[in-house]
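Enquirer: Sharing a structure, written as structure tokens. Questions coming.
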Amino acid sequence: MTAATTALHDAAVGAMGHAYAPYSGFRVGAALVTADGTVFSGCNVENSAFPAGTCAERGALAAAVVAGHRSFTHIVIATEAEVPTSPCGICRQALSEFAPSLDIVSITTAGARAHWSLSDLLPHPFTPQSLHHL
Ligand code: THU
């Protein structure tokens with residue numbers, strides 16, 4: 001692994017360490033990389049009113065957008081699962097708005113790794129153009 005890759009994995013795992021997941025016990029961290037190489041991280045934040053909880057990926061996306069970034073190259077997702085997990089459907093749609101072909105890397109703390117393109121995980125997203133097809 002390059003130093004940059006290691007740093008990105010560390011950012012995702014570090015974010016996972018801040019996850020608030022008392023209900024599922026499933027901690028998730030995400031590190032989203034902008035076109036200029038800036039990294040924004042997020043973790044899942046659950047809530048006693050379950051649907052109010054948010055995913056790590058959308059946390060990272062919101063942090064990046066509020067900082068003025070709208071162009072992304074890849075995201076690293078970290079969990080403690082046995083098998084690397086892919087982003088949920090809502091996060092796929094949310095990420096697709098800005099980066100339909102985003103590279104997605106999922107790692108586990110045990111060292112497993114998987115890789116997808118968002119366009120393979122969500123081949124037919126709802127797009128801004130969809131709104132004009134009335
Ligand atoms: N979760 C994420 O943070 N990202 C995903 O892509 C899938 C699920 C969170 C939501 C919830 O806090 C926990 O994992 C279990 O679903």
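Enquirer: Under a point spin-label approximation (7 Å from Cα along Cα-to-Cβ), what is the Gln93-Ser119 distance to one decimal in nm?
Expert: Here the modelled spin labels are 2.2 nm apart.
Enquirer: What does the net charge come to around Val39 if you take all other residues with beta carbon closer than 15 Å to its beta carbon, with K and R at +1 and D and E at -1?
Expert: Working: positive: none; negative: Asp10, Asp36, Glu57, Asp103.
Around Val39, the charge tally is -4.
Enquirer: Which percent of the accessible area of region 31-126 is formed by carbon and sulfur heavy atoms (probe 1.4 angstrom)?
Expert: Details: 2670 of 4750 Å².
Roughly 56 percent, rounded to a whole number.
Enquirer: For region 11-92, run through the GluC sites (Glu not before Pro) and keep only the ones in DSSP coil with at most 10 other Cβ atoms within 10 Å of their Cβ.
Expert: Working: sites: Glu46, Glu57, Glu80, Glu82; in loops: Glu46, Glu80, Glu82.
Qualifying residues, ordered by number: Glu82.
Enquirer: Take every DSSP beta bridge with both residues inside region 24-120 and express the antiparallel ones as a percent of the total, to the nearest 5. Display every interim value, and only then the final one.
Expert: Values: 18 of 24 bridges.
Of all bridge pairs located within region 24-120, approximately 75 percent are antiparallel.
Enquirer: Per residue, what accessible area does the chain have, given a 1.4 Å probe and all protein chains present, in Å²? Can you show the working numbers first?
Expert: Values: 7250 Å² over 134 residues.
So the chain comes to 54 Å² accessible per residue, rounded to a whole number.
Enquirer: Still on this structure, please answer the following. In cubic angstrom, how much convex hull volume per residue do the alpha carbon atoms of the chain span?
Expert: Numbers: hull volume 15.3 nm³, N = 134.
Normalising the Cα hull of the chain by residue number yields 114 Å³.
The values are calculated or read from the model by the stated rules, or taken from the named source; none is laboratory data. The shown structure was predicted, so the numbers you read here are calculated from the model rather than taken from an experiment. We place every Cβ from the backbone using ideal geometry, glycine too, and count neighbours over all the protein chains shown. Heads up: the accessible areas ignore ligands, DNA and RNA and are worked out on the full protein's heavy atoms, side chains in. Shrake-Rupley method; radii C 1.70, N 1.55, O 1.52, S 1.80 Å.
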